[in-house]
Amino acid sequence: MNAIYILWLRELKKYVRSRTQIVASLAQPLLYLLALGFGLGPVFQRAGAGSYLQFVAPGVIGMMVLFTSMFSGISLLWDRQFGFLKETLVAPVPRILVMFGRTLGGATVAMLQGALMVVVCLIAGFRPASLRAMPLALLFILLIAFVFVALGVSVGSSLQDMQGFQLIMSFLVMPIFFFSGALFPLDHLPRGLAALITVDPLSYGVDGLRATLTGATHFGVLMDLRVLAPISVGLLCLGAWRFSKIEI
């Protein structure tokens with residue numbers, strides 16, 4: 001347990017010290033929020049769907065958590081390249097505890113980034129339906145973080161170098177975001193697109209955030225929880241297995 005705590009604390013210290021990285025990580029979600037939230041707002045209103053800023057803000061929060069989580073997991077590649085991972089793995093600590101410590105630290109950082117994005121959305125004009133739902137919204141942020149940090153650890157443990165990083169961004173992270181329903185309503189979609197959205201874990205995270213923050217939902221809060229919770233456990237097990245296979 002001490003190893004988990006030390007690795008969790010290490011991730012938090014790295015996050016607190018990297019003020020420039022914190023600000024820079026807000027740039028892309030903020031661009032989506034402002035450009036789409038205000039740019040497509042009139043079109044969304046004419047369609048009779050209300051405020052697009054209210055609709056897109058939970059999706060942008062989910063995007064923030066997704067990107068931070070995946071980068072946290074894939075940071076294994078940097079640690080491996082510069083030798084930091086070897087120093088960790090030769091320590092007299094079971095590898096599964098090392099993996100859980102990194103995952104918990106990465107998930108905590110992603111949750112903090114998500115909470116920071118919530119504040120940015122509030123400044124931009126987003127208004128949650130009820131402040132009493134914020135604890136449940138934070139639970140969804142944490143579940144999204146666990147799912148994608150564990151996925152990032154699984155992917156990072158399987159790669160040998162940084163050459164596959166752009167491939168991951170192009171063929172994994174961006175499709176997960178765009179097929180999550182973060183930017184568009186999920187009703188009356190073509191059957192093929194609806195199928196892709198159904199198998200995307202982020203769809204349930206964004207839907208859960210949207211349900212708790214705005215009251216609008218497609219799958220239902222209970223269904224979102226029922227899907228995200230076992231997926232997070234399954235990916236944690238997969239990440240632990242892949243992490244145990246790393247050769248130093």
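Just to verify a result, which residue in region 182-222, among those that are among the small types (G, A, S), more than 20 Å from Y32 (Cβ to Cβ) and not in a helix (DSSP H, G or I), is modelled with the lowest pLDDT? Show your work before the answer.
First, pick out the residues of region 182-222 that are among the small types (G, A, S): 182, 192, 194-195, 203, 205, 208, 211, 215-216, 220.
Filter again for more than 20 Å from Y32 (Cβ to Cβ), leaving 192, 194-195, 211, 215, 220.
When the remaining residues are screened for being not in a helix (DSSP H, G or I), the result is 215, 220.
Numbers: G215: 87, G220: 91.
The extreme case among them is G215.
Can you confirm whether F38 is aromatic (F, W, Y), at pLDDT 75 or above and part of a helix (DSSP H, G or I)?
Working: aromatic (F, W, Y): yes; at pLDDT 75 or above: yes; part of a helix (DSSP H, G or I): yes.
Here the answer is yes, as F38 does meet what is asked.
For region 228-244, the criterion of being of a type in the set (G, A, S) and touching an Asp or Glu at 6+ places or on another chain (Cβ under 9 Å) is met by none of the residues.
This table checks each residue for (1) without any contact (Cβ under 8 Å) to a residue 40 or more places away in the chain; (2) hydrophobic (A, V, I, L, M, F, W, C).
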| position | (1), (2) |
| --- | --- |
| V199 | yes, yes |
| H218 | yes, no |
| G234 | yes, no |
| R242 | no, no |
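Out of all the residues in region 153-169, is one or more out of contact with any His (no Cβ under 9 Å at 6 or more places or on another chain), buried (at least 16 other Cβ atoms within 10 Å of the Cβ) and within 26 Å of V118 (Cα to Cα)? The answer is yes; a qualifying residue exists.
When M99, M174, M134 are checked against the criterion of being at pLDDT below 90, more than 29 Å from L213 (Cβ to Cβ) and in a helix (DSSP H, G or I), M99 stands alone in meeting it.
The values are calculated or read from the model by the stated rules, or taken from the named source; none is laboratory data. Since the model is a prediction, treat every value here as computed from it, not as a measurement. So basically every Cβ, Gly included, is an ideal-geometry build from the backbone, and we count neighbours across all protein chains shown.
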